[in-house]
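The values are calculated or read from the model by the stated rules, or taken from the named source; none is laboratory data. Computed from a predicted structure; not experimentally measured. Don't worry about glycine lacking a Cβ; one is built from the backbone with ideal geometry, like all the others, and counts go over all protein chains shown. Protein only, heavy atoms only, side chains kept; ligands, DNA and RNA dropped before computing areas. Shrake-Rupley method; radii C 1.70, N 1.55, O 1.52, S 1.80 Å.
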Amino acid sequence: MSAANLAAPRRRVPLWVWLTWPAILLIALPLVAVLVAAMVPASEVWRHIWQTSLPELLANTLILGVLVALMAGSAGAITAWLVTACRFPGRDILQWALLLPLAMPAYVNGYAWVWLMDVAGPLQSGLRAATGWRYGGYWFPEMRGLTGAAVVLAMVLYPYVYLLCRAAFLAQSTCLVEVSRTLGYSLSRTFWHVALPLARPALAAGVALVLMEVLADFGTVQHFGLRTFTTGIYEAWFAMADRGAASQLAAALLLCVGLLLALEQASRGGRRFHPMTTRQSPVRPVALPPGKAALALLACALPLTLGFLIPAGTMLSLAWRAGDVMEPSRFLPFLANSLTLAAITAVLATALAAWLAWALRLHPSAPGRLAHRVVGLGYAIPGSVIAVGTLVPFGLFDNALDGWLRAHWGVSSGLLLSGTVAALVFAYLVRFLAVGLAAVDSGLARLKPSFQAAARSLGAGPARAVWRVELPLSRGALLTAGILVFVDTMKELPATLIVRPFDFDTLAVRIYNLAADERLSEASTSALLILVVGLLPVGVLARAMRT
């Protein structure tokens, strides 16, 4: 018998695996559209932006990113080390409570702090009433500016660093800490010279996530009077009505994201850290004396207070005293729009994520791996860039179809895709599909390959084995993916502002419009609704941390 006959037959790749290629093209469409649209000849608007506004946009974005990275990175890493390596009063509660700022939209946090610290706000009004001072006769911190915006953003974004660094510290062997202590190192020196260098990949990944959120932010910087790339895109699209200039700004922001991802990869430098023995136990927390315990409690409570307790309390107080004066019959459509969009996006994103994850699990292939990379890139792209990249091709399609129908049939099709709920859901999918895919991949990684093999040995095909065995075992991961996408969609502001249909507002848009008119008391009701929904993934993460 020839060697060719002895060779194992090649396994056929099912059609549904090859269908990942259309998924790749759809997810990549906004990115390609932005880059193509940015190649149009420069208009007068773009030349004006280049000469007058671009240096300011670039400087503000860069400085804000550096400040937020330093503050969020420090807060996340230090709190993660304290709750991992130290024992002090309140530690068990703080381990999960430090995640609460994840539920707070950055723009809501900014609105609350500006209201508190403003000239007519309760803090300055109380100070003048208590002292008899007049405005201008005393110094008070100014919130509207780069520093204030950086503090507000850092206090809601540090949990990204906290989560990754805490996981890295827990994975480190207690032997490393004990050896450093026998060499005379204190806990603080052990943190700086041993634990933190070993956790540098986790720290770099967390800071990269923070910077991506800073680049994507619109509501906070807009309210604080800062001009960044995201506000520039919004101005070029709406105020200047120049699609080409908006696309060129979006391409510039896309370049910044690409550089950030490259720097994050370079910071790892191919380094790997492995324990010297397989018999290791996690770091055992050390009881702190009363003085140091009080300092540790204060260090952990400060970012939690600034990022969640004070703004949440402010919104609750405003809603209790005044709240939204709109009649329920007029307010409920905003809630219904938000819930409908979030539910549709969550279901579609979870289904697509499950399809892509199982396609790669059952048939590892180049299309599957490429789909994962492209989908992961979507979360790194700011919502304003995805919005521009969605409207440009959709608008071209609508105009081409309308022109053809007018020329051949004498009828107009109008806008079939642009400015529709379908376009908005598509933008959400591009933005948040990576969140769902990461959750599903995490769940599938815990499934033993023997489950699939056992089902196949009993005569079940791959699809039936997935449906009858693996899918029921992955319900928790699928539910987590749906919850995460649902909450992110509820909070999304830049893409919603740009892509939404005419007279179609969500809770996030209503908050933005009311805050822009300085009507924060009315915005508090919508803010609390989003905040309550945002607590769902925090509960999921807190439960996962206990198991």
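Brief remarks follow.
- Residues considered: ALA508, ALA495, ALA527, ALA516. Of these, the only one that is farther than 25 Å from ALA434 by Cα and modelled with pLDDT of 85 or more is ALA527.
- Condition check for ALA112: within 18 Å of MET212 (Cα to Cα), in contact (Cβ under 8 Å) with a residue 60 or more places away in the chain and either touching a His at 6+ places or on another chain (Cβ under 8 Å) or open to solvent by less than 10 Å² (accessible area, probe 1.4 Å) (or both): no
- The one condition from (1) assigned to a helix (DSSP H, G or I); (2) among the hydrophobic types (A, V, I, L, M, F, W, C); (3) modelled with pLDDT under 85 that LEU70 does not meet is (3).
- All positions within segment 219-238 that are open to solvent by 30 Å² or more (accessible area, probe 1.4 Å) and at pLDDT 85 or above: GLN222, GLY225, ARG227
- Selection count where residues are in contact with a Ser or Thr (Cβ under 8 Å, 6 or more places away or on another chain) and at pLDDT below 75, scope segment 245-275: 1
- Count - residues of segment 389-421 that are in a helix (DSSP H, G or I) and open to solvent by less than 60 Å² (accessible area, probe 1.4 Å): 13
- Evaluated against (1) open to solvent by 10 Å² or more (accessible area, probe 1.4 Å); (2) in contact (Cβ under 8 Å) with a residue 24 or more places away in the chain, PHE140 falls short on exactly one condition, (2).
- Residue count, segment 493-511 (criterion: in contact with a Phe, Trp or Tyr (Cβ under 7 Å, 6 or more places away or on another chain) and open to solvent by 10 Å² or more (accessible area, probe 1.4 Å)): 4
- Some residue of segment 41-58 being farther than 27 Å from LEU288 by Cα and modelled with pLDDT of 90 or more: no
- Scanning segment 143-166 for residues that are at pLDDT below 90 and either open to solvent by 60 Å² or more (accessible area, probe 1.4 Å) or of a type in the set (Ser, Thr, Tyr) (or both) returns ARG144, TYR160, LEU164.
- When SER329 is tested against the conditions (1) under 23 Å from TYR160 (Cβ atoms); (2) at pLDDT below 80, the lone failure is (1).
- Filter result for ALA407 (more than 30 Å from LEU255 (Cα to Cα) and small (Gly, Ala, Ser)): yes
- Residues of segment 194-218 that are surrounded by fewer than 23 Cβ atoms within 10 Å (Cβ to Cβ), touching a Ser or Thr at 6+ places or on another chain (Cβ under 7 Å) and either free of Cβ contacts under 8 Å to residues at least 60 places away in the same chain or not in a helix (DSSP H, G or I) (or both): VAL194 alone.
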